[in-house]
Amino acid sequence: MVRAGQTTGSRSTFGTHYCGALLKGRGLLFSDQQWMYDRKTTKLVEAYASDDRFTFKRDFAKVMMKLIRTLRDFNVLG
């Protein structure tokens, strides 16, 4: 079983698999596939699917830090 953050021996990661599926029209949810209907977000999906192992992780980390700061600011985290 592969867990989040692990690789299966290849260079592929969750981000590359997920975005590769979107490019093939195989998003898990209807809302996932909506990323492909805007030129700007389609370019992001293509970049994340490129398997550079940096872009997705960098952007994901930025978003998570912003979410944590927002939750802290609204005293959701205690």
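Condition first: of a type in the set (D, E, K, R) and either more than 13 Å from residue 18 (Cβ to Cβ) or touching a residue at least 24 places away in the same chain (Cβ under 8 Å) (or both). Now tell me which residues in segment 29-58 satisfy that.
If the condition is that a residue be of a type in the set (D, E, K, R) and either more than 13 Å from residue 18 (Cβ to Cβ) or touching a residue at least 24 places away in the same chain (Cβ under 8 Å) (or both), then 38, 39, 40, 43, 46, 51, 52, 53, 57, 58 are the ones that fit.
Going through segment 47-63 one residue at a time, which ones are part of a helix (DSSP H, G or I) and over 11 Å from the mean Cα position of the chain (by Cα)?
62
What about residue 4, is it at pLDDT below 90, exposed (fewer than 14 other Cβ atoms within 10 Å of the Cβ) and under 13 Å from the mean Cα position of the chain (by Cα)?
It is true that residue 4 is at pLDDT below 90, exposed (fewer than 14 other Cβ atoms within 10 Å of the Cβ) and under 13 Å from the mean Cα position of the chain (by Cα).
Of the conditions (1) modelled with pLDDT of 85 or more; (2) of a type outside the set (S, T, N, Q); (3) surrounded by 10 or more Cβ atoms within 10 Å (Cβ to Cβ); (4) out of contact with any Ser or Thr (no Cβ under 7 Å at 6 or more places or on another chain), residue 37 fails just one. Which one is it?
(3)
Got a number for residues in segment 18-45 being outside any helix (DSSP H, G or I) and not charged (D, E, K, R)?
Result for segment 18-45: 4.
If residue 10 meets every condition in (1) at pLDDT 90 or above; (2) loosely packed, with under 14 Cβ neighbours inside 10 Å apart from one, which number is that one?
Condition not satisfied by residue 10: (1).
The values are calculated or read from the model by the stated rules, or taken from the named source; none is laboratory data. Here the structure is a predicted model, which is why all the values come from computation and not from measurement. Positions of Cβ are backbone-derived with ideal geometry, glycine not excepted, and every protein chain shown enters the neighbour counts.
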